[in-house]
Amino acid sequence: MLPTIEWQGDHVVMVDQRKLPAQEVYVRCRTAAEIARAIKTMVIRGAPAIGVAAALGLALGARRSQAKGTRQFAVEFNRTCDMMAATRPTAVNLFWAIDRMKRAFSHGALAGESPEELAARLEAEARRIHDEDVESCRAIGAHGAALVPDTACILTHCNAGALATAGYGTALGVIRAAAEQGKRVAVFADETRPFLQGGRLTAWELVRDGIQTTVITDTMAGPIMRAGEIDLVVVGADRIAANGDVANKIGTYTVAVLAHEHGVPFYVAAPLSTIDLATPDGARIPIEERDPREVSHFRSARVTPEGAAIRNPAFDVTPHRLIAAIITETGVCRAPYEPSLKAAMEGATAPAFAPSALRRGSP
Ligand code: MRU
(Lines give C-alpha, C1' and ligand atoms only; values in the text may rest on other atoms or scores of the structure.)
Protein backbone atom coordinates (compact mmCIF):
# COMPACT_ATOMS: atom_id res chain seq x y z
CA MET A 1 0.00 0.00 0.00
CA LEU A 2 1.05 3.57 -0.64
CA PRO A 3 3.24 4.91 2.19
CA THR A 4 1.67 8.30 2.97
CA ILE A 5 3.40 8.79 6.30
CA GLU A 6 5.50 6.48 8.44
CA TRP A 7 7.52 6.51 11.63
CA GLN A 8 11.02 5.24 10.75
CA GLY A 9 13.56 4.91 13.56
CA ASP A 10 13.97 8.39 15.03
CA HIS A 11 12.08 10.34 12.38
CA VAL A 12 8.87 10.56 10.36
CA VAL A 13 8.86 10.11 6.59
CA MET A 14 6.19 11.35 4.22
CA VAL A 15 5.84 11.53 0.47
CA ASP A 16 5.92 15.16 -0.76
CA GLN A 17 2.44 15.56 -2.22
CA ARG A 18 3.34 18.88 -3.83
CA LYS A 19 5.67 17.09 -6.21
CA LEU A 20 3.46 14.17 -7.25
CA PRO A 21 2.98 12.80 -9.84
CA ALA A 22 6.08 14.19 -11.56
CA GLN A 23 8.46 13.19 -8.75
CA GLU A 24 8.16 10.72 -5.88
CA VAL A 25 10.21 12.51 -3.24
CA TYR A 26 10.21 11.58 0.46
CA VAL A 27 10.59 14.22 3.18
CA ARG A 28 12.18 13.26 6.51
CA CYS A 29 10.98 15.23 9.54
CA ARG A 30 13.13 15.11 12.64
CA THR A 31 11.30 17.66 14.78
CA ALA A 32 7.72 18.62 15.59
CA ALA A 33 8.34 22.01 13.94
CA GLU A 34 9.29 20.28 10.69
CA ILE A 35 6.05 18.29 10.78
CA ALA A 36 4.01 21.45 11.48
CA ARG A 37 5.67 23.10 8.50
CA ALA A 38 4.97 20.07 6.32
CA ILE A 39 1.27 20.30 7.21
CA LYS A 40 1.12 24.05 6.63
CA THR A 41 2.87 23.91 3.29
CA MET A 42 0.87 20.86 2.16
CA VAL A 43 3.72 18.40 1.85
CA ILE A 44 1.05 16.30 3.54
CA ARG A 45 -2.63 17.17 3.24
CA GLY A 46 -6.08 15.62 3.52
CA ALA A 47 -7.98 15.75 6.80
CA PRO A 48 -7.17 12.31 8.29
CA ALA A 49 -3.53 12.48 7.13
CA ILE A 50 -3.16 15.90 8.75
CA GLY A 51 -4.42 14.44 12.05
CA VAL A 52 -2.04 11.49 11.85
CA ALA A 53 0.89 13.79 10.97
CA ALA A 54 0.12 16.06 13.93
CA ALA A 55 -0.01 13.09 16.32
CA LEU A 56 3.31 11.74 15.03
CA GLY A 57 4.73 15.27 15.26
CA LEU A 58 3.73 15.56 18.91
CA ALA A 59 5.31 12.19 19.62
CA LEU A 60 8.47 13.27 17.81
CA GLY A 61 8.59 16.51 19.83
CA ALA A 62 8.26 14.53 23.05
CA ARG A 63 11.04 12.14 22.00
CA ARG A 64 13.38 15.05 21.24
CA SER A 65 12.59 16.93 24.45
CA GLN A 66 15.48 17.96 26.68
CA ALA A 67 13.08 18.87 29.52
CA LYS A 68 14.54 18.49 33.00
CA GLY A 69 11.35 17.34 34.68
CA THR A 70 7.68 16.56 34.09
CA ARG A 71 6.58 20.15 34.63
CA GLN A 72 8.87 21.56 31.93
CA PHE A 73 8.00 18.60 29.70
CA ALA A 74 4.28 19.44 30.04
CA VAL A 75 4.90 23.11 29.17
CA GLU A 76 6.82 22.08 26.04
CA PHE A 77 4.16 19.55 25.06
CA ASN A 78 1.37 22.13 25.32
CA ARG A 79 3.38 24.61 23.25
CA THR A 80 3.89 21.96 20.58
CA CYS A 81 0.15 21.23 20.61
CA ASP A 82 -0.53 24.96 20.02
CA MET A 83 1.97 25.01 17.14
CA MET A 84 0.25 22.03 15.49
CA ALA A 85 -3.21 23.52 16.03
CA ALA A 86 -2.13 26.70 14.19
CA THR A 87 -1.22 24.89 10.96
CA ARG A 88 -4.59 24.53 9.19
CA PRO A 89 -8.01 25.53 10.55
CA THR A 90 -10.67 23.54 8.68
CA ALA A 91 -9.88 19.84 9.01
CA VAL A 92 -11.22 18.89 12.43
CA ASN A 93 -9.15 15.69 12.42
CA LEU A 94 -6.18 17.89 13.34
CA PHE A 95 -7.84 19.04 16.57
CA TRP A 96 -9.26 15.59 17.23
CA ALA A 97 -5.76 14.08 17.05
CA ILE A 98 -4.26 16.79 19.26
CA ASP A 99 -7.01 16.21 21.85
CA ARG A 100 -6.35 12.49 21.80
CA MET A 101 -2.65 13.07 22.35
CA LYS A 102 -3.45 15.48 25.19
CA ARG A 103 -5.64 12.83 26.82
CA ALA A 104 -2.83 10.26 26.53
CA PHE A 105 -0.48 12.77 28.11
CA SER A 106 -2.90 13.43 31.00
CA HIS A 107 -3.28 9.72 31.71
CA GLY A 108 0.48 9.30 31.91
CA ALA A 109 0.98 12.45 33.96
CA LEU A 110 -1.72 11.40 36.44
CA ALA A 111 0.01 8.04 36.78
CA GLY A 112 3.20 9.91 37.70
CA GLU A 113 5.17 8.88 34.62
CA SER A 114 8.63 10.31 33.88
CA PRO A 115 9.27 12.36 30.70
CA GLU A 116 10.76 9.23 29.05
CA GLU A 117 7.69 7.18 29.93
CA LEU A 118 5.39 9.93 28.74
CA ALA A 119 7.27 10.15 25.46
CA ALA A 120 6.93 6.38 24.96
CA ARG A 121 3.20 6.63 25.75
CA LEU A 122 2.76 9.45 23.22
CA GLU A 123 4.61 7.51 20.53
CA ALA A 124 2.40 4.46 21.14
CA GLU A 125 -0.73 6.63 20.94
CA ALA A 126 0.41 8.30 17.70
CA ARG A 127 1.15 4.91 16.13
CA ARG A 128 -2.33 3.75 17.21
CA ILE A 129 -3.94 6.80 15.60
CA HIS A 130 -2.06 5.96 12.40
CA ASP A 131 -3.07 2.30 12.36
CA GLU A 132 -6.68 2.96 13.36
CA ASP A 133 -7.01 5.40 10.46
CA VAL A 134 -6.11 2.68 7.96
CA GLU A 135 -8.60 0.31 9.62
CA SER A 136 -11.31 3.00 9.50
CA CYS A 137 -10.70 3.57 5.81
CA ARG A 138 -11.03 -0.15 5.09
CA ALA A 139 -14.32 -0.26 7.03
CA ILE A 140 -15.59 2.86 5.24
CA GLY A 141 -14.70 1.14 1.97
CA ALA A 142 -16.66 -1.99 2.91
CA HIS A 143 -19.77 -0.03 3.96
CA GLY A 144 -19.56 2.30 0.97
CA ALA A 145 -19.00 -0.41 -1.63
CA ALA A 146 -22.50 -1.71 -0.88
CA LEU A 147 -23.86 1.57 -2.26
CA VAL A 148 -22.02 1.16 -5.57
CA PRO A 149 -23.89 -0.65 -8.38
CA ASP A 150 -22.15 -3.58 -10.13
CA THR A 151 -21.22 -1.28 -12.99
CA ALA A 152 -20.71 2.34 -12.06
CA CYS A 153 -19.17 5.53 -13.27
CA ILE A 154 -18.18 7.53 -10.20
CA LEU A 155 -17.23 11.18 -9.95
CA THR A 156 -14.93 12.32 -7.16
CA HIS A 157 -13.52 15.71 -6.22
CA CYS A 158 -10.15 16.57 -4.68
CA ASN A 159 -8.15 13.65 -3.26
CA ALA A 160 -9.68 11.56 -0.51
CA GLY A 161 -7.39 8.64 -1.14
CA ALA A 162 -4.49 6.84 0.48
CA LEU A 163 -2.52 10.08 0.29
CA ALA A 164 -5.14 11.98 2.29
CA THR A 165 -5.24 9.35 5.03
CA ALA A 166 -2.81 6.94 6.66
CA GLY A 167 -3.67 4.59 3.78
CA TYR A 168 -6.44 3.22 1.49
CA GLY A 169 -8.55 6.40 1.55
CA THR A 170 -12.12 7.38 2.35
CA ALA A 171 -13.87 8.24 -0.94
CA LEU A 172 -11.20 6.29 -2.82
CA GLY A 173 -11.55 3.56 -0.19
CA VAL A 174 -15.16 3.14 -1.33
CA ILE A 175 -14.05 3.00 -4.96
CA ARG A 176 -11.19 0.60 -4.16
CA ALA A 177 -13.43 -1.72 -2.14
CA ALA A 178 -16.04 -1.79 -4.93
CA ALA A 179 -13.29 -2.65 -7.45
CA GLU A 180 -11.89 -5.33 -5.12
CA GLN A 181 -15.37 -6.88 -4.98
CA GLY A 182 -15.28 -7.26 -8.76
CA LYS A 183 -17.57 -4.32 -9.55
CA ARG A 184 -16.80 -2.58 -12.82
CA VAL A 185 -15.98 0.96 -11.74
CA ALA A 186 -14.70 3.86 -13.78
CA VAL A 187 -13.83 7.19 -12.21
CA PHE A 188 -14.06 10.79 -13.31
CA ALA A 189 -11.55 12.76 -11.22
CA ASP A 190 -12.22 16.49 -11.01
CA GLU A 191 -8.93 18.29 -11.52
CA THR A 192 -9.68 20.45 -8.41
CA ARG A 193 -8.32 23.93 -8.91
CA PRO A 194 -6.10 25.47 -7.70
CA PHE A 195 -3.92 22.81 -6.05
CA LEU A 196 -4.93 20.04 -8.50
CA GLN A 197 -5.36 17.30 -5.89
CA GLY A 198 -7.72 15.47 -8.28
CA GLY A 199 -5.70 15.75 -11.48
CA ARG A 200 -2.39 15.01 -9.78
CA LEU A 201 -3.06 12.81 -6.75
CA THR A 202 -6.38 11.01 -7.26
CA ALA A 203 -5.52 10.15 -10.85
CA TRP A 204 -2.04 9.00 -9.78
CA GLU A 205 -3.44 6.68 -7.11
CA LEU A 206 -6.17 5.20 -9.28
CA VAL A 207 -3.96 4.64 -12.30
CA ARG A 208 -1.49 2.78 -10.05
CA ASP A 209 -4.42 0.60 -8.93
CA GLY A 210 -5.46 -0.12 -12.51
CA ILE A 211 -8.84 1.61 -12.09
CA GLN A 212 -10.12 3.31 -15.22
CA THR A 213 -9.67 7.04 -14.64
CA THR A 214 -10.58 10.13 -16.62
CA VAL A 215 -9.44 13.56 -15.44
CA ILE A 216 -11.78 16.45 -16.18
CA THR A 217 -11.54 20.13 -15.33
CA ASP A 218 -13.94 21.15 -12.56
CA THR A 219 -16.08 23.00 -15.11
CA MET A 220 -16.78 19.81 -17.10
CA ALA A 221 -18.72 17.96 -14.41
CA GLY A 222 -22.07 19.63 -15.29
CA PRO A 223 -22.39 18.63 -18.94
CA ILE A 224 -20.99 15.16 -18.22
CA MET A 225 -23.66 14.62 -15.56
CA ARG A 226 -26.37 15.98 -17.85
CA ALA A 227 -25.26 13.47 -20.49
CA GLY A 228 -26.04 10.73 -17.93
CA GLU A 229 -22.43 9.58 -17.65
CA ILE A 230 -22.21 9.68 -13.84
CA ASP A 231 -23.99 7.14 -11.61
CA LEU A 232 -22.88 8.52 -8.26
CA VAL A 233 -20.57 11.02 -6.62
CA VAL A 234 -18.40 10.19 -3.61
CA VAL A 235 -16.17 12.73 -1.86
CA GLY A 236 -14.30 13.01 1.43
CA ALA A 237 -14.77 15.64 4.14
CA ASP A 238 -12.70 17.95 6.29
CA ARG A 239 -15.36 18.58 8.90
CA ILE A 240 -18.93 17.38 9.30
CA ALA A 241 -21.14 19.56 11.50
CA ALA A 242 -23.75 18.08 13.85
CA ASN A 243 -26.56 18.74 11.35
CA GLY A 244 -24.73 16.92 8.54
CA ASP A 245 -23.38 19.97 6.68
CA VAL A 246 -20.02 19.03 5.18
CA ALA A 247 -16.92 21.15 4.64
CA ASN A 248 -14.71 19.78 1.91
CA LYS A 249 -12.39 21.04 -0.81
CA ILE A 250 -13.61 24.12 -2.65
CA GLY A 251 -15.79 23.04 -5.56
CA THR A 252 -17.50 20.22 -3.66
CA TYR A 253 -20.64 22.31 -3.14
CA THR A 254 -20.88 22.97 -6.87
CA VAL A 255 -20.64 19.23 -7.56
CA ALA A 256 -23.36 18.55 -4.96
CA VAL A 257 -25.71 21.10 -6.56
CA LEU A 258 -25.07 19.55 -9.98
CA ALA A 259 -25.69 16.05 -8.60
CA HIS A 260 -28.97 17.20 -7.06
CA GLU A 261 -30.06 18.83 -10.32
CA HIS A 262 -29.35 15.63 -12.25
CA GLY A 263 -30.69 13.11 -9.73
CA VAL A 264 -27.26 11.61 -9.05
CA PRO A 265 -26.66 10.36 -5.46
CA PHE A 266 -24.01 12.40 -3.67
CA TYR A 267 -22.18 10.49 -0.94
CA VAL A 268 -19.66 11.67 1.64
CA ALA A 269 -17.15 9.16 3.05
CA ALA A 270 -15.34 10.09 6.26
CA PRO A 271 -14.15 8.60 9.54
CA LEU A 272 -15.82 9.50 12.83
CA SER A 273 -12.78 11.69 13.59
CA THR A 274 -14.13 14.10 10.92
CA ILE A 275 -17.50 14.50 12.67
CA ASP A 276 -17.64 17.58 14.88
CA LEU A 277 -20.79 17.46 17.02
CA ALA A 278 -19.64 20.62 18.81
CA THR A 279 -20.16 22.62 15.61
CA PRO A 280 -23.92 22.82 15.07
CA ASP A 281 -23.95 23.66 11.35
CA GLY A 282 -21.77 24.43 8.37
CA ALA A 283 -21.93 28.21 8.85
CA ARG A 284 -19.74 27.83 11.96
CA ILE A 285 -16.99 25.85 10.24
CA PRO A 286 -13.83 27.97 9.84
CA ILE A 287 -12.81 28.11 6.19
CA GLU A 288 -9.11 28.41 5.44
CA GLU A 289 -8.08 31.22 3.08
CA ARG A 290 -4.86 30.30 1.34
CA ASP A 291 -2.15 32.25 -0.46
CA PRO A 292 -3.58 34.17 -3.45
CA ARG A 293 -0.55 33.01 -5.44
CA GLU A 294 -2.12 29.55 -5.72
CA VAL A 295 -4.76 31.18 -7.95
CA SER A 296 -2.82 34.01 -9.59
CA HIS A 297 0.06 31.78 -10.62
CA PHE A 298 0.45 28.44 -12.32
CA ARG A 299 3.69 27.11 -10.86
CA SER A 300 5.94 30.18 -11.16
CA ALA A 301 4.06 31.81 -14.06
CA ARG A 302 1.52 34.55 -13.37
CA VAL A 303 -1.80 33.82 -15.10
CA THR A 304 -3.87 36.76 -13.86
CA PRO A 305 -3.17 40.45 -14.47
CA GLU A 306 -1.53 42.57 -11.79
CA GLY A 307 -4.25 44.58 -10.05
CA ALA A 308 -6.95 41.88 -10.17
CA ALA A 309 -8.05 40.91 -6.67
CA ILE A 310 -7.85 37.21 -5.85
CA ARG A 311 -9.95 35.04 -3.54
CA ASN A 312 -8.72 31.65 -2.41
CA PRO A 313 -11.02 29.94 0.10
CA ALA A 314 -9.72 26.37 0.27
CA PHE A 315 -13.01 24.77 1.32
CA ASP A 316 -16.75 25.14 0.92
CA VAL A 317 -19.76 23.80 2.78
CA THR A 318 -22.28 21.43 1.24
CA PRO A 319 -25.65 21.65 3.00
CA HIS A 320 -26.88 18.34 4.38
CA ARG A 321 -30.03 18.34 2.23
CA LEU A 322 -27.85 17.66 -0.84
CA ILE A 323 -26.18 14.62 0.73
CA ALA A 324 -27.64 11.15 0.10
CA ALA A 325 -25.60 9.48 2.87
CA ILE A 326 -22.52 9.87 5.01
CA ILE A 327 -20.43 6.70 5.06
CA THR A 328 -18.40 6.12 8.23
CA GLU A 329 -16.37 3.20 9.53
CA THR A 330 -19.27 2.07 11.70
CA GLY A 331 -22.06 2.36 9.16
CA VAL A 332 -24.03 4.56 6.79
CA CYS A 333 -25.76 7.66 8.16
CA ARG A 334 -28.84 9.05 6.44
CA ALA A 335 -31.02 12.10 7.03
CA PRO A 336 -32.04 13.27 9.53
CA TYR A 337 -28.33 13.60 10.23
CA GLU A 338 -28.53 15.08 13.69
CA PRO A 339 -29.64 11.77 15.28
CA SER A 340 -27.84 9.47 12.83
CA LEU A 341 -24.45 11.16 13.28
CA LYS A 342 -24.95 11.23 17.03
CA ALA A 343 -25.78 7.52 16.99
CA ALA A 344 -22.70 6.78 14.87
CA MET A 345 -20.52 8.70 17.34
CA GLU A 346 -22.05 6.93 20.30
CA GLY A 347 -21.88 3.53 18.62
CA ALA A 348 -25.65 3.25 19.04
CA THR A 349 -28.43 2.70 16.55
CA ALA A 350 -30.72 5.45 15.27
CA PRO A 351 -33.42 4.86 12.63
CA ALA A 352 -31.37 6.47 9.84
CA PHE A 353 -28.08 4.87 10.84
CA ALA A 354 -27.37 1.42 9.44
CA PRO A 355 -24.44 -0.13 11.29
CA SER A 356 -24.83 -3.68 10.08
CA ALA A 357 -27.60 -4.06 7.51
CA LEU A 358 -26.20 -1.79 4.84
CA ARG A 359 -28.71 0.00 2.69
CA ARG A 360 -28.46 0.28 -1.03
CA GLY A 361 -29.87 2.89 -3.29
CA SER A 362 -30.41 6.49 -4.08
CA PRO A 363 -31.16 9.49 -1.88
O1 MRU B 1 -6.47 21.20 1.19
P2 MRU B 1 -6.45 19.71 1.29
O3 MRU B 1 -5.82 19.04 0.12
O4 MRU B 1 -5.92 19.24 2.61
O5 MRU B 1 -7.99 19.30 1.25
C6 MRU B 1 -8.32 17.96 1.25
C7 MRU B 1 -9.75 17.70 1.08
O8 MRU B 1 -10.57 18.59 0.98
C9 MRU B 1 -10.17 16.25 1.12
O10 MRU B 1 -11.24 16.03 0.26
C11 MRU B 1 -10.59 15.92 2.55
O12 MRU B 1 -9.59 16.26 3.44
C13 MRU B 1 -10.95 14.51 2.70
S14 MRU B 1 -9.51 13.50 2.80
C15 MRU B 1 -9.92 11.92 3.10
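The values are calculated or read from the model by the stated rules, or taken from the named source; none is laboratory data. Since the structure is predicted, the reported quantities are computational estimates derived from the model, not experimental observations. A quick note on method: Cβ atoms are made from the backbone with ideal geometry, for glycine too, and the neighbour counts reach across all protein chains shown. The protein model used for the area step is the full one, side chains on, heavy atoms only, and it has no ligands, DNA or RNA in it. Shrake-Rupley method; radii C 1.70, N 1.55, O 1.52, S 1.80 Å.
Per-structure values
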{"quantity": "Strands (runs of 3 or more DSSP E) fully within the stretch 134-245 counting 3 or more residues that are open to solvent by 10 Å² or more (accessible area, probe 1.4 Å)", "calculated": "184-190, 212-216"}
{"quantity": "Qualifying residue in the stretch 47-64 (condition: open to solvent by less than 10 Å² (accessible area, probe 1.4 Å), in contact (Cβ under 8 Å) with a residue 24 or more places away in the chain and farther than 19 Å from Ala104 by Cβ)", "calculated": "yes"}
{"quantity": "Unmet criterion (only one of (1) over 25 Å from the mean Cα position of the chain (by Cα); (2) at pLDDT 95 or above; (3) exposed (fewer than 15 other Cβ atoms within 10 Å of the Cβ)) for Ala357", "calculated": "(2)"}
{"quantity": "Pairs with Cβ under 7 Å, 6+ apart, first in the stretch 1-22 and in contact (Cβ under 8 Å) with a residue 24 or more places away in the chain, second among the polar types (S, T, N, Q)", "calculated": "Thr4/Thr165; Met14/Thr4; Val15/Thr4"}
{"quantity": "The one condition in (1) more than 16 Å from the ligand (Cβ to nearest atom); (2) in contact (Cβ under 8 Å) with a residue 12 or more places away in the chain; (3) surrounded by 14 or more Cβ atoms within 10 Å (Cβ to Cβ) that Ala38 fails to fulfil", "calculated": "(1)"}
{"quantity": "Test: residue in the stretch 71-78 that is more than 16 Å from the ligand (Cβ to nearest atom), under 26 Å from Glu288 (Cα atoms) and surrounded by fewer than 21 Cβ atoms within 10 Å (Cβ to Cβ)", "calculated": "yes"}
{"quantity": "The stretch 262-316, subset at pLDDT below 95 and part of a loop (DSSP other than H, G, I, E, B), residue farthest from the chain's Cα centre (by Cα)", "calculated": "Ser300"}
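Results for (1) within 20 Å of Ala325 (Cα to Cα); (2) touching a Lys or Arg at 6+ places or on another chain (Cβ under 8 Å); (3) not charged (D, E, K, R), shown as yes or no for each residue.
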residue	(1), (2), (3)
His143	yes, no, yes
Ile154	yes, no, yes
Ala166	no, no, yes
Glu180	no, no, no
